[in-house]
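See structure below.
Every number in this text was worked out from the coordinates using simple rules, so none of it is lab data. Keep in mind that what you see is a predicted model, and the values were worked out from it rather than measured. Using ideal geometry, Cβ is built from the backbone for each residue, glycine included, and neighbour counts are taken over all protein chains shown.
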Amino acid sequence: MRKKKLRKAIHGEVVIVEVKEIPETAKRLDIKEKHFVIGESSTIGNDHRIAISNAVAILEDEENNRYIDNSDDTEVFCPKSERHSTIMLPASKWQIKKAQEFDYANQQTRAVVD
């Protein structure tokens, strides 16, 4: 039997990686809006969002790692659509991460900021 290859999606500096399981300690966040910001833009005001529906849950564990559990496909988008194309996130379980870059002058890794 072939193992299913894990997938990932990149939307600007946000990296969404498929996971086999979400930690049992992760708690569902109470989202009141029709979207949830998964990556804030500190320089151009164009954050990265995921569309929220009854089929989409956002969870957070005790280490502040965030996860998406979507039983139906959902959109990842920006308010300014000309900046990043909308992508469709297939139904699965995902972890939200930030892209990393290496600062050679300071010899450190840091999160990419849009």
May I ask you to compute the full-extension gain from Arg28 to Asn65, defined as 0.36 nm times their residue separation minus their alpha-carbon distance, rounded to one decimal in nm? 12.1 nm
How far apart, in nm, are two points set 7 Å out from the Cα along the Cα-to-Cβ line at Met88 and at Asp72? 1.3 nm
Set the bar at 20 Å for Cα to Cα. Now go through Lys27/Lys97; Lys8/Lys32; Lys32/Lys98 and name every pair that lies beyond it. Lys8/Lys32; Lys32/Lys98
For Val17 and Asn54, calculate 0.36 nm times their separation in residues minus their Cα-Cα distance, and state this gained length in nm to one decimal. 11.2 nm
